[in-house]
Amino acid sequence: MLKIKGKQTNTEGEENVIELITEGKLYTKNGSYYLVYDETEISGMEGSTTTLKIQGHKISMKRFGSNSSSLIFEKGHNYTAEYMTAYGDMTLEVLTENLAVNISETGKGNIDLLYKLNLSDNISSNNHLTIDIM
C-alpha cells in the first residue's frame, strides 16, 4: 500500500494538496528500486500508470496513459522534459531542491521530494511529494 501526498504552491502562494492511498508494486532490478502504481481520479490522471525508478539519489518518474511524461529528479540538477496531456504537449523544467529516500530491506519506507517546476518559462510552482510505502 502507498500513501501519496502532493502539495503544489504557485507563485501567488496558493496551495493545491492531493492525498491518496493506493496499491502499488515495489521491486528491485539491477540495483535499483522500482515503484509502480496506477493513478486515480483524485490525482486527475486516471488511466495513467506511474513508474518510479530509484537509483540512490536520483529518481526517474515515467507516466504512461492519458497523461504521459518522463521526469528526472536529482538534487541540484536541472532537467527538461516533455509533458503530454489531452490538452496538448508542454515543456517542463525540473529543479530538484531536496530528495530523500529511505526504503528498508523489508520494502517499507518513504520518499520525500521537494522540487520546482517551470512550465514554458511562464508558470512556476514549488512542489512537495511524499510517498509512504506501507
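The values are calculated or read from the model by the stated rules, or taken from the named source; none is laboratory data. Just so we're clear, the structure is a prediction, and the values are computed from it rather than from any experiment. Methodologically, a virtual Cβ is constructed for each residue, glycine included, from the backbone with ideal geometry; neighbour enumeration extends over all protein chains shown.
Figures for the structure shown
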quantity: Some residue of the range 18-25 being within 18 Å of Lys116 (Cα to Cα) and in contact with a strand residue (DSSP E or B) (Cβ under 9 Å, 6 or more places away or on another chain); calculated: yes
quantity: In the range 24-33, the residues that are of a type in the set (D, E, K, R) and either surrounded by 11 or more Cβ atoms within 10 Å (Cβ to Cβ) or within 16 Å of the chain's Cα centre (by Cα) (or both); calculated: Lys25
quantity: Every residue from the range 85-115 that is more than 13 Å from the chain's Cα centre (by Cα), acidic (Asp, Glu), under 21 Å from Gln55 (Cα atoms) and part of a strand (DSSP E or B); calculated: Glu93, Glu97
quantity: Pairs with Cβ under 7 Å, 6+ apart, first in the range 1-15 and under 15 Å from Thr130 (Cβ atoms), second crowded, with 16+ Cβ neighbours inside 10 Å and of a type in the set (A, V, I, L, M); calculated: Leu2/Ile131; Leu2/Ile133; Ile4/Ile131; Gly6/Leu129
quantity: Of the criteria (1) over 20 Å from Asn118 (Cα atoms); (2) at pLDDT 90 or above; (3) surrounded by 13 or more Cβ atoms within 10 Å (Cβ to Cβ); (4) of a type in the set (A, V, I, L, M, F, W, C), which one Leu95 fails; calculated: (1)
